[in-house]
Amino acid sequence: MLESTYFRLQLPEESHLKLWLTEREGEIRIGQNVLFRGRSDQWKEKRFHVLGIKEDIGPRLNGGRGGSDRAFDAFVPRFLAVQSNQFLTGNSICVHGFIEVTREMVVLSNSYVDDLDFLVCTWVKEVADVGGIPIVIGGGHNNAYPLIKGVSESVNRPVSVVNLDPHADTRAMEGRHSGNPFSYAFEYGFLSHYSVIGLHESYNNQFILDHLKEMKAFFTFYESWLEKPFKFQADIDKVYDSHFQNPMGVDLDLDSIAFMPSSAFTPSGITVDQARIYIRKMASLEKVCYLHLPEAAPQTETDKIIAGKALTYLVTDFIKEYQKHHI
């Protein structure tokens, strides 16, 4: 079992499957076809590897709301309940379980995020080493750093990343949190090129904007999509065309979706359908190397339905489009 000082990877057990799985006579759900990681190495034969991260330390250290530790529980039963059919059978998927906190954290500290980085990076590299594609659900955007690092170390080269996000997450390297994963990845040589689209003009400080220029990042603003809606698709196409042959990680912060229960809730943002368009396009990249969907933070039962269903659409879109273009 993978474990660090404050976190561990919890593999699926019978008690989890009783909560996650539903069946209906005359139908097959993908939960009946996916592999749940156990003690054997059978998981290494699958292409897509789903992991939940139950933490909200990164967002809270960054001044955001808690609750991103609840995203995976909202997602997984809804994901496993979708129909297994000609579009997606579930046979290419392994569910690895989730990373959870194992010790009480008395005082919130960046050192806890460092400890989490180690565990996430170890898991990601393990998956990438066997040619798998990590799909990480929940937790804060702080986990982008160990995702990038793990893939980069596996392929032995820096990777590119595209992110749809109101916030660039290139804050100062002041200790790890959800606001600076791309700063760390770039500074340490794991990130070769960063593209972030849909930034909100009033929610990125001048340091962040200047830092993006220093990184030679490609970045665009949501406000331009309001003025000229066609620019939404144009920005997606530009990123796609620029990075078609590079190893490319795909991030989508759930904060970018209007009225989504998330760590930085916003009434102004893209729709779930626009998020799906972005994910579907990026899934067809020649060397897409991970999918990261952080920052959903459901509180109520209604929140869980909204976040869980939205995440399910995004993950199934990603897998279906990838298989359509690559398999």
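The values are calculated or read from the model by the stated rules, or taken from the named source; none is laboratory data. Every value quoted in this text rests on a predicted model; they were computed, and no experiment measured them. Every residue, glycine as well, gets a Cβ built from its backbone with ideal geometry; the counts of neighbours run over all protein chains shown. Each accessible area value is taken on the protein alone, full model and side chains, heavy atoms only, with ligands, DNA and RNA left out. Shrake-Rupley method; radii C 1.70, N 1.55, O 1.52, S 1.80 Å.
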Worksheet entry | Rounded FRET efficiency, nearest 0.05, which uses the C-beta distance separating residue 100 from residue 22 and R0 of 22 Å | 0.45
Discussion item. Just want to confirm a number: the relative contact order over the stretch 221-327, from Cα pairs under 8 angstrom separated by 6+ residues, in percent.
Written reply: 29 percent
Worksheet item: If you count, for each residue, the other Cβ atoms within 10 Å and average over each peptide, how do 274-282, 19-27, 231-239, 249-257 line up from highest to lowest?
Response: 249-257, 274-282, 231-239, 19-27
Worksheet item: Largest first, what is the accessible-area ranking of 260, 1 with a 1.4 Å probe?
Response: 1, 260
Worksheet item: Stretched out fully, how many nm does the piece from residue 230 to residue 109 gain, at 0.36 nm a residue minus the Cα gap?
Response: 39.3 nm
Worksheet item: Distance from the Cα centre of the stretch 157-201 to that of the stretch 55-111, in angstrom?
Response: 21 Å
Worksheet item: How large is the accessible surface per residue of the stretch 182-277, computed with a 1.4 Å probe and reported in Å² as a whole number?
Response: 46 Å²
Worksheet entry | Loop sites in the stretch 36-142: trypsin sites (Lys or Arg not before Pro), DSSP, at most 15 other Cβ within 10 Å | 39, 103
Item to complete: List the residues of the stretch 90-134 whose backbone N lies under 14 Å from a point placed 7 Å from the Cα of residue 323 along the Cα-to-Cβ direction.
Response: 90-95
Worksheet, complete the sentence: With R₀ set to 25 angstrom, the calculated FRET efficiency between the beta-carbons of residue 156 and residue 130, to the nearest 0.05, is 0.95
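Of all beta bridges DSSP finds with both residues in the chain, what is the antiparallel percent, to the nearest 5?
Beta bridges within the chain, antiparallel portion: roughly 15 percent.
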Worksheet item: When only DSSP loop residues count, what chymotrypsin sites (Phe, Trp or Tyr not before Pro) in the stretch 23-122 have their Cβ near at most 11 other Cβ atoms within 10 Å?
Response: none
Practice prompt. Return the loop-located GluC sites (Glu not before Pro) in the stretch 93-153 (DSSP other than H, G, I, E, B) with at most 15 other Cβ atoms within 10 Å of their own Cβ; answer none if there are none.
Written response: 104
Discussion item. To make sure I understand the rule: partners must be lysines, Cα under 17 Å from the Cα of residue 54, and not fewer than 8 residues away in the same chain. Which ones qualify?
Written reply: 304
Worksheet item: So if we plug the beta-carbon distance of residue 2 and residue 42 into 1/(1 + (r/R0)^6) with R0 = 22 Å, what FRET efficiency do we get, rounded to 0.05?
Response: 0.80
Worksheet entry | Most mobile listed residue (267, 298, 59) in the chain, GNM with C-alpha springs under 10 Å | 267
